[in-house]
Amino acid sequence: MHRIDVGLYDFDWHHSIYFFIVSPDEQIYLRYGGRDAASADSYLDLDSFALALRAGLEEHERWLAGELPERPRPSPFFAGDLDRLREQQLQRGRCVECHMIGDYRAAAREREGTLDKRQEMFRSPDIRKLGIHLDVPRGLVVERVEGAAGAAGLLPGDAIVSFGGRRILTFGDLLYVHDGLDRNAAHLPLTVERAAVGPVDLQIHLPPMWWVSDIAHRFWSIDPQIHLTTAPLDEARKRDLGFAPDGFACEVTRVSPRAGVLQLHDLQPGDVIYAVDGVEADPLVSDCLVYLRLHVSAGAEVDLGVFRDGVRAPITVRTQRQRFRKLGTP
């Protein structure tokens, strides 16, 4: 990737496969690719790829006819512009892979104090959290609807043609626009083509924490690892245990053996984490581990409030900073 202008060819660096269809002057017609946390190819198949290729040819005909408005070209940006990537990889003759660009750039922003973890770490929010389930072989045709999308009036059979105010042709386009949405956004406009009706404008009211997704498949050194999983307590159990209903008390459900090997903590299943560095509730985040990921630097220690065997006690936990770098000789 070190000779690629990633300022122009921008995407979520942890996707497994990604295509850009572009004009001779490098105007991007559309994108094809994308995934969810469950699988690298959740939204990819040959039928939807064929649809994307046909759409790309149609866009090219429009370009030839001068019908496509020219978009301003983003500022050039290359992997070598990241100082540590250049020093640790390029100058040693090593290959630069996609995930490395994402991680080095995020780490650089962390050092500069400009890192927004909601935007940078929780990439490509899952549209299923909005209640949108696509008929993958048919591209942007909706197969099933629930939740916020259903409340907004989206229907099975609708074909999404505009998302977040942007014209889209593929799921890759949709995911790119969704990924770029401000994490403070409360509404999402979309336009669908509805059979026997025509274009219909809708407005989805975004649910709380719509941007949170499972990031276990991602290569992040900015993610403070404590190697456990949790489940939120319901309001009734919170009250029974004396916690505020709007707090982010959660129960530890599994502890990875890595936590013991790395001597990070002695938490165990059944423990209830109710505070992170003294904070028990947050207006934006209701999940204790999400809050920890947002507010604790990888590799730092954090004091957790833990309820165990009927007793509240502070436990100091050491987080792990993972490294996703190429090692050894060039």
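The values are calculated or read from the model by the stated rules, or taken from the named source; none is laboratory data. These figures come from a predicted structure and were not determined experimentally. As a convention, Cβ positions derive from the backbone with ideal geometry for all residues, glycine included, and neighbour counts pool all protein chains shown. Note: accessible area is taken over every heavy atom of the protein model, side chains too, but ligands, DNA and RNA are not part of it. Shrake-Rupley method; radii C 1.70, N 1.55, O 1.52, S 1.80 Å.
The figures follow:
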{"item": "Residue in region 181-233 that is most open to solvent (accessible area, probe 1.4 Å), counting only those that are small (Gly, Ala, Ser) and over 30 Å from Val255 (Cβ atoms)", "result": "Ala196"}
{"item": "Some residue of region 59-66 being surrounded by 15 or more Cβ atoms within 10 Å (Cβ to Cβ) and of a type in the set (D, E, K, R)", "result": "yes"}
{"item": "Residue list for region 193-221, filter: in a strand (DSSP E or B) and within 17 Å of Asp179 (Cα to Cα)", "result": "Ile204, His205"}
{"item": "Residues satisfying the stated conditions in region 238-279, i.e. under 19 Å from Val212 (Cβ atoms) and in a loop (DSSP other than H, G, I, E, B)", "result": "Asp246, Gly247, Phe248, Ala249"}
{"item": "Residues being of a type in the set (S, T, N, Q), touching a helix residue (DSSP H, G or I) at 6+ places or on another chain (Cβ under 6 Å) and under 20 Å from Gly305 (Cα atoms) - total across region 215-270", "result": "1"}
{"item": "Filter result for Leu30 (under 27 Å from Glu110 (Cα atoms) and in contact with a helix residue (DSSP H, G or I) (Cβ under 7 Å, 6 or more places away or on another chain))", "result": "no"}
{"item": "Residue tally, condition modelled with pLDDT of 95 or more, among the acidic types (Asp, Glu) and within 19 Å of the chain's Cα centre (by Cα), over region 198-230", "result": "1"}
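Conditions tested, residue by residue: (1) part of a loop (DSSP other than H, G, I, E, B); (2) more than 30 Å from Pro208 (Cα to Cα).
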{"residue": "Glu70", "(1), (2)": "yes, yes"}
{"residue": "Arg73", "(1), (2)": "yes, yes"}
{"residue": "Phe77", "(1), (2)": "yes, yes"}
{"residue": "Glu87", "(1), (2)": "no, yes"}
{"residue": "Tyr104", "(1), (2)": "no, no"}
{"residue": "Glu110", "(1), (2)": "no, no"}
